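This report refers to the structure that appears directly beneath it.
The values are calculated or read from the model by the stated rules, or taken from the named source; none is laboratory data. In this text the structure is predicted, and so the values were computed from the model without any measurement. Here the Cβ is made from the backbone with ideal geometry for all residues, glycine too, and neighbour counts use every protein chain on show. All accessible areas refer to the heavy atoms of the entire protein, side chains included, with ligands and DNA or RNA removed. Shrake-Rupley method; radii C 1.70, N 1.55, O 1.52, S 1.80 Å.
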Amino acid sequence: MTAARRAGSRRRLLSALSLRGRLLAGSLLVLVVAVTLADLSAYVALRHHLLQRSEETLRSASARVSAIHPRSPVRMTPNQVRSLVPSGTFVVLLDADGRIVGAASADENVPHPDRLDVAGSLASAPSEDPEVRDVGGRRVMLLGIDVDAEVSVGGPDGGDVAVHRAVVGIDLTPTAEATRALLHIEVVMGVIILLSWTAVAWAVIGLGLRPLRTMAQAAREIAEGRRERMPGHDRGSETGALATALDEAFDARAAADRRTREFLADASHELRTPIAAIRAWAEISRHDALSTAEALDRIEADAERMGALVDRMLELTRIAASRPADPSPVDLAALATDVVGGLQALAPGRILLRTSGAVPTVGDPLQLHALLRNIVVNAVRHAGADATIDVRVEALDTRAEVVVQDDGPGMTEAEIARAFDRFWRADAARSRPGTGLGLAIAREIAHQHGGTIEMTRADAGGLEVRVVLPGAPL
């Protein structure tokens, strides 16, 4: 199996686990690594400490053995030789040929050194560092030293024996037993810790995930219409933040659904009138109450109005569902000059443009042109036949600003609050021309370009529409 397949299998296994299982597996993995490192550190530290103490004991014993007076015959019994080494150690005395001429150990549990094979480098030369080897089936630490003395240890002839070298050793069996006992304890305690952690973590994680299960059930109830909000949680906690975010998401979805229903209702209302008119003109023409040419003219006018409404609806939907198609550097002052020039025929001499130079921004030139045209046309149509429309375009720090102000009759605060709603017009009879979508389209274009648009009452009367867009370098 390749590495990619193994990685894919691990990902599938993890994805198959529940969140509770993944959290438990992750915490167990961390705990296993931590316990293993702690146990390994304790094992290595204890072994190093015991070996260091064994080496210190061995060197102390070697110092006592090497203190035998050189070149002075010393008569020593085996017990006196045994007294030279502390508990757990032994000494082997060698002649010039490397033969054992005397040996003793301080403890009965240490094998008699007469049967220990200490030949080799230790028998021929002293060693500066202790050597660990298996001797007689046991693990021992040995240190060879020069003695160069004559002792009486009951040789074959009962006389003095020349001792040229001694090997002092210490049995490492207690060290091995201690480290082995520690290893057993660590394994048992590690299993107990892991089992205890698994039980506690399973319960604690389940308790921590309980709010998520509660929110999941609440979300299903909200979807079924049996409740409106998520259950209350502490806003400072993660579950509280999630509940708040879900409430906001549900509110946004509800608002979007409400706007969709209102849009469909308004669109149906707007389309009903031209469709009903077309049917009425056709019925009248059928009964010869109106000439065919006149009936067709009126049918064509209503069809054009309905087509314009549908086109504006499609335009609004397209803008709301996409980002600017061709973002590029745009001079708002140049766009405003083109818009005002093209609308002078609607209000000759009443549209005034003021700009101090280039006002750069970045966006879709066609959409920004439509934004400016919509807000100026809205002012021309609804400010009154004698109103003056003042258009100001200027660059302010990092912003590009367009202000369209008229001195018409204005609107109430309640009407201003609804000015950007789709299909809404201030006159209840909706007798004025237009589709009621111009300002809604302008708002969508402003938002798509990272800007804002707002309408307020002007200080001198009338209305003021202010569009603020991000600026751009000249």
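Structure notes:
- Residues that are closer than 14 Å to His382 by Cβ and either open to solvent by 90 Å² or more (accessible area, probe 1.4 Å) or aromatic (Phe, Trp, Tyr) (or both) within the range 342-356 comprise just one, Leu346.
- Taking residues in the range 439-466 that are under 17 Å from Ala400 (Cβ atoms), and partners anywhere that are of a type in the set (S, T, N, Q) and open to solvent by less than 20 Å² (accessible area, probe 1.4 Å), the pairs with Cβ atoms closer than 8 Å and at least 6 places apart or on different chains are Ala442/Asn374; Ile445/Gln367; Gln448/Gln367; His449/Thr361; His449/Gln367.
- Among the residues making up the range 360-389, those that are within 51 Å of the chain's Cα centre (by Cα) and under 21 Å from Ala458 (Cβ atoms) are Leu371, Leu372, Arg373, Asn374, Ile375, Val376, Val377, Asn378, Ala379.
- Test: residue in the range 444-462 that is in a loop (DSSP other than H, G, I, E, B) and in contact with a Lys or Arg (Cβ under 8 Å, 6 or more places away or on another chain): no
- Among the residues of the range 214-272, those identified as outside any loop (DSSP other than H, G, I, E, B), more than 20 Å from Arg418 (Cβ to Cβ) and modelled with pLDDT under 70 are Leu271, Arg272.
- For the range 56-84, residues that are among the β-branched types (Val, Ile, Thr) and at pLDDT 75 or above total 2.
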